[in-house]
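Below you'll find the structure, written out as structure tokens, and then a few comments.
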Amino acid sequence: MSDKALRARLEQGLAGLGLSLDEARTGQLLDYLALLSRWNRAYNLTAVDEPAAMVDRHLVDSLSILPWIEGKEIVDAGTGAGLPGVPLAIACPNQHFVLVDSNGKKVRFLRQVRRELGLENIEPVHARLESFEPERRPDQVVARALAPLPRLVEQLGHLLAAGATLLAMKGRLEDDECAAVADAYNVERIELNVPGAGGARSLAILRQS
């Protein structure tokens, strides 16, 4: 698929979300995708490796939660290859994103992304979530398809207790998963309409009661 066709697909996906980004940011998103595709051949960073699918299921899907991103300091928990943190950081240059993962090769890739794309607002961190202690108190923690909500609350409870809001990106979110979250948390469930996602997409927003 040509660069022009990929850009058109990205712009179409953003329009489907009701979003628009300037040409420079769109270019950065596609540069990130090209870097991910190149590293993926050697390091197996993502199972999705077809360019059009990467636009839909990595970039557009990550940016679907952009309207709910608030505050200055955001932690991307279990970021993997930088999803959703890198696309969100490109779209939000005035916010700081700490990208946390326990996989060393993925964190090395993210450091390369920071260097090559000049993304000064991302900070890759090699750490386990349970033991991660941020230098600055996060306003939000985002997690994409990481774990069931009760497990996320266990892993990230120390950050939520400090006042952070959790934005958990899920596929289909069942009532019993929400009901299993400890009573100390309020759970707000939002159904997302993500072009090209190939299935249900939901956002769970958790705050301490």
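The values are calculated or read from the model by the stated rules, or taken from the named source; none is laboratory data. Model, not experiment: these values are computed from the prediction. Quick reminder, even Gly has a Cβ in these numbers, built from the backbone with ideal geometry, and neighbours come from all protein chains shown.
Would you check which residues across region 192-208 are surrounded by fewer than 19 Cβ atoms within 10 Å (Cβ to Cβ), closer than 20 Å to GLY157 by Cβ and among the hydrophobic types (A, V, I, L, M, F, W, C) and list them?
Listed by number, the list holds a single entry, ILE205.
Tell me which residues, restricted to region 7-34, are within 19 Å of ARG144 (Cβ to Cβ) and over 17 Å from the mean Cα position of the chain (by Cα). Spell out the reasoning first.
Kept after step one, since they are within 19 Å of ARG144 (Cβ to Cβ), are these residues of region 7-34: 10, 13-14, 16-17, 19, 29, 32-33.
The answer is GLY16, and nothing else.
Scanning for something buried (at least 22 other Cβ atoms within 10 Å of the Cβ) and in a helix (DSSP H, G or I), does region 38-53 turn up at least one residue?
Checking region 38-53: not a single residue is buried (at least 22 other Cβ atoms within 10 Å of the Cβ) and in a helix (DSSP H, G or I).
Suppose we keep only residues that are part of a strand (DSSP E or B) and of a type in the set (Ser, Thr, Tyr) within region 175-209. Which one would you say is nearest to the chain's Cα centre (by Cα)?
The qualifying residue nearest to the chain's Cα centre (by Cα) is SER202.
Out of all the residues in region 91-124, which are among the β-branched types (Val, Ile, Thr), over 16 Å from TYR43 (Cα atoms) and out of contact with any Phe, Trp or Tyr (no Cβ under 7 Å at 6 or more places or on another chain)? Can you show your working first?
Going residue by residue through region 91-124, those that are among the β-branched types (Val, Ile, Thr) are 98, 100, 107, 113, 122.
Narrowing the set further to residues that are over 16 Å from TYR43 (Cα atoms) leaves 98, 100, 122.
Within region 91-124, VAL98 is the sole residue that qualifies.
Looking only at residues in region 128-174 that are part of a loop (DSSP other than H, G, I, E, B) and of a type in the set (A, V, I, L, M, F, W, C), which one is farthest from the chain's Cα centre (by Cα)?
ALA162
Look at LEU149 and say whether it is surrounded by 14 or more Cβ atoms within 10 Å (Cβ to Cβ), at pLDDT 95 or above and touching a helix residue (DSSP H, G or I) at 6+ places or on another chain (Cβ under 8 Å).
yes
Among all residue pairs at least 6 apart or on different chains, which show Cβ distances below 8 Å where the first residue, located in region 192-203, is within 11 Å of GLY13 (Cβ to Cβ) and the second is part of a strand (DSSP E or B) and not aliphatic (A, V, I, L, M)?
Going by the 8 Å Cβ cut-off, the qualifying pairs are VAL194/ARG201.
Spot the failing condition for ARG7; the list is (1) part of a loop (DSSP other than H, G, I, E, B); (2) in contact with a Ser or Thr (Cβ under 8 Å, 6 or more places away or on another chain); (3) farther than 20 Å from ASN121 by Cα, and only one is missed.
Result: ARG7 passes all but (1).
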